[in-house]
Amino acid sequence: MINKIVDSAAEAVAGIFDGATVMISGFGEAGSPVELIHALVDQGAKNLTVVSNNAGSGHVGLAALIENRQVSKIICSFPRTTISVVFPEIYRRGEIELELVPQGTLAERIRAGGAGIPAFYTPASVNTPLAEGKEVRSFNGRDYVLEHAIKADFSLVKCHTTDKFGNLVYNKTARNFGPVMCMAAKTTIVQARRIVELGEIDPECVVTPGIFVHRVVEVSNPADESKLVAEERRYPWT
Amino acid sequence: MDITTQKVGWSSSEMAQNVARDIYDGAYVNLGIGMPEMVAGFIPEGREVIYHTENGLLGMGAVAAPGTEDPELVNAGKKYVTAIPGAAYFHHADSFAMIRGGHIDICVLGAYQVSAEGDLANWSTGNAEDIPAVGGAMDLVAGVPSVFVITKHCTKSGEAKIVKECSYPLTGKKVVSRIYTDLAIIDVLNEKLFVRELAPGVTFEALQQQTGAELHLTQQTKTHGEKK
């Protein structure tokens with residue numbers, strides 16, 4: 001019988017190993033699976049490569065994972081935010097590797113990873129420093145740069161509603177990287193506000209079909225990251 | 001003695017108004033973070049414009065009123081916004097398919113520098129101690145047919161931002177269509193800069209002095225009553 005529901009965030013992140021590549025959904029706080037990230041801080045896997053659009057705010061969520069020195073490399077499009085304190089400090093000390101990727105290229109590399117496409121050509125970043133060292137090829141008189149797919153060992157994703165098959169529905173702009181990250185990982189771990197009975201989600205409205213999802217955990221009242229940052233909270237909670 | 005002080009140049013809101021005037025009815029538009037966001041407030045009556053924000057919303061509405069902010073409804077600048085009736089949410093790969101696939105009609109971006117050929121530099125100062133961050137700018141300039149730049153004509157220290165060649169790292173090459181500054185509106189056409197409109201109190205000669213690349217005047221250049 002298929003049942004992807006696990007009882008706790010700790011159980012959900014079990015098995016994430018040292019050196020794993022971990023995708024983390026979210027665009028800033030919107031869609032960031034804060035409880036799963038905190039469970040990963042508790043779990044302690046090290047030397048992770050994280051793929052995420054940003055690099056965390058304050059001292060919670062992704063920033064806490066970086067501050068806890070579990071991340072050796074981050075692949076992202078925009079590591080700078082107004083309240084980003086942890087990443088800049090560790091980056092300037094040369095203690096975290098940054099691979100900067102244009103946002104659309106990042107999304108497409110992840111999508112390609114999940115879709116069985118090893119690489120693709122894109123017009124974004126041609127003639128810029130971010131295309132240096134990459135193959136450029138002309139199609140119909142225009143130059144495109146070759147970009148490779150990204151696959152992950154694990155994806156940590158936040159959604160709104162799921163069921164025991166792992167069908168997902170998101171909430172507003174918290175959807176962002178969730179659907180493509182679900183596709184691109186060997187093990188996709190999802191936190192949802194609600195887990196409903198099979199059939200309660202209209203099949204026409206499923207955004208991520210359960211085939212892309214392996215574990216779901218209900219976090220009915222997820223933390224509001226910006227609130228935690230404003231209150232200067234730190235994880236592990238002090 | 002002439003004691004009237006003539007106004008020189010456009011204010012930020014007038015610059016935004018100038019951009020808004022050129023956004024046509026029915027356009028799908030992506031507005032960058034900062035000054036470009038102001039443009040939405042000045043779309044002339046009777047035009048329906050759909051705003052795209054690359055984090056997954058078509059039909060972005062106004063900034064959320066205090067007390068109604070939803071942390072899961074934000075724009076590309078991570079500000080709390082609203083969605084209009086008829087809006088749609090989608091994931092990031094679809095969002096950039098809209099951008100790269102040429103479906104967005106116009107984007108409005110800020111700039112560190114623009115070159116005479118329309119090269120844009122707006123993502124990195126090239127300083128080693130600055131954290132580099134690119135976001136969606138490179139995808140936007142690669143995929144959107146009309147790239148409008150809104151920027152002060154010169155930097156705070158008075159250096160030209162419109163230059164022969166960008167010294168900052170590029171966002172894209174030959175991508176800018178039109179530049180809206182506090183002193184002029186300039187078209188980039190066939191790798192040359194044509195002045196479309198001069199701001200009040202600005203002469204072509206004065207504009208050229210504050211520009212690091214050659215400007216061209218045309219028969220159609222609009223002026224605002226400066227003495228020739």
Self-check item: Pair list, Cβ < 6 Å and 6+ apart or interchain, from the range A:79-105 residues that are more than 10 Å from every other protein chain (Cβ to nearest Cβ) to residues that are open to solvent by 40 Å² or more (accessible area, probe 1.4 Å)
Solution: A:V86/A:E67; A:E97/A:K73
Quiz item: Yes or no: A:G178 of a type outside the set (A, V, I, L, M, F, W, C), buried (at least 18 other Cβ atoms within 10 Å of the Cβ) and within 14 Å of chain B (Cβ to nearest Cβ)?
Solution: yes
Quiz prompt | Residues of the range B:34-70 classified as acidic (D, E) and within 18 Å of B:S12 (Cβ to Cβ), total | solution = 1
Quiz item: Which one of the conditions (1) facing chain A (nearest Cβ under 8 Å); (2) open to solvent by less than 20 Å² (accessible area, probe 1.4 Å); (3) in contact with a Gly (Cβ under 6 Å, 6 or more places away or on another chain) does B:L109 fail to meet, given that it meets all the rest?
Solution: (1)
Quiz item: So which residues in the range B:112-131 are open to solvent by 30 Å² or more (accessible area, probe 1.4 Å) and over 13 Å from the mean Cα position of the chain (by Cα)?
Solution: B:E117, B:T125, B:G126, B:N127, B:A128, B:E129, B:D130
Quiz item: Are there any pairs with C-beta distances below 8 angstrom linking a residue in the range B:197-221 that is over 12 Å from B:I186 (Cβ atoms) to a residue that is open to solvent by 40 Å² or more (accessible area, probe 1.4 Å) and not in a loop (DSSP other than H, G, I, E, B), with the two at least 6 apart or on different chains, and if so which?
Solution: B:Q220/B:R196
Quiz prompt | Some residue of the range A:86-102 being in contact with a His (Cβ under 6 Å, 6 or more places away or on another chain) and under 22 Å from A:F139 (Cβ atoms) | solution = no
Quiz item: Counting just the residues of the range A:160-196 that are of a type in the set (K, R) and more than 14 Å from the chain's Cα centre (by Cα), which one comes out farthest from A:L40 (Cα to Cα)?
Solution: A:K172
Practice problem: Exactly one condition in (1) crowded, with 23+ Cβ neighbours inside 10 Å; (2) part of a loop (DSSP other than H, G, I, E, B); (3) facing chain A (nearest Cβ under 8 Å); (4) touching a helix residue (DSSP H, G or I) at 6+ places or on another chain (Cβ under 6 Å) is not met by B:I104; state its number. | Solution: (3)
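Here is a yes/no grid of residues against (1) touching a Phe, Trp or Tyr at 6+ places or on another chain (Cβ under 9 Å); (2) of a type in the set (G, A, S); (3) within 13 Å of chain B (Cβ to nearest Cβ):
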position: A:G114; (1), (2), (3): yes, yes, yes
position: A:E132; (1), (2), (3): no, no, yes
position: A:A149; (1), (2), (3): yes, yes, yes
position: A:C159; (1), (2), (3): yes, no, yes
position: A:D163; (1), (2), (3): no, no, no
position: A:E200; (1), (2), (3): no, no, no
position: A:V217; (1), (2), (3): no, no, no
Quiz item: Which one is farthest from B:A116 (Cα to Cα), of the residues in the range B:156-175 that are out of contact with any Phe, Trp or Tyr (no Cβ under 8 Å at 6 or more places or on another chain) and open to solvent by less than 10 Å² (accessible area, probe 1.4 Å)?
Solution: B:G172
Exercise. Scan the range A:148-175 residue by residue and report those that are in a strand (DSSP E or B) and crowded, with 23+ Cβ neighbours inside 10 Å.
Key: A:A152, A:F154, A:S155, A:L156, A:V157, A:K158, A:C159, A:T162, A:L168
Self-check item: Single residue of A:G210, A:G199 found to be buried (at least 19 other Cβ atoms within 10 Å of the Cβ) and over 17 Å from the mean Cα position of the chain (by Cα)
Solution: A:G210
Exercise. Among residues belonging to the range A:214-237 that are farther than 14 Å from A:G26 by Cβ and charged (D, E, K, R), point out the one that is least open to solvent (accessible area, probe 1.4 Å).
Key: A:R215
Quiz item: Of the residues that sit in the range A:123-137 and are free of Cβ contacts under 8 Å to residues at least 12 places away in the same chain and either in a helix (DSSP H, G or I) or within 17 Å of B:R100 (Cβ to Cβ) (or both), which one is most open to solvent (accessible area, probe 1.4 Å)?
Solution: A:V136
Practice problem: Starting from the range B:32-46, take each residue that is at positive phi and list its partners that are assigned to a helix (DSSP H, G or I) and open to solvent by less than 40 Å² (accessible area, probe 1.4 Å), counting only C-beta distances under 9 angstrom and pairs at least six apart or across chains. | Solution: none
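The values are calculated or read from the model by the stated rules, or taken from the named source; none is laboratory data. Bear in mind that the values here come from a model prediction, so they are computed numbers and not experimental data. Neighbour counts are summed over all protein chains in view; Cβ atoms, including those assigned to glycine, are modelled from backbone coordinates with ideal geometry. Ligands, DNA and RNA are excluded from the accessible area calculation, which covers all protein heavy atoms including side chains. Shrake-Rupley method; radii C 1.70, N 1.55, O 1.52, S 1.80 Å.
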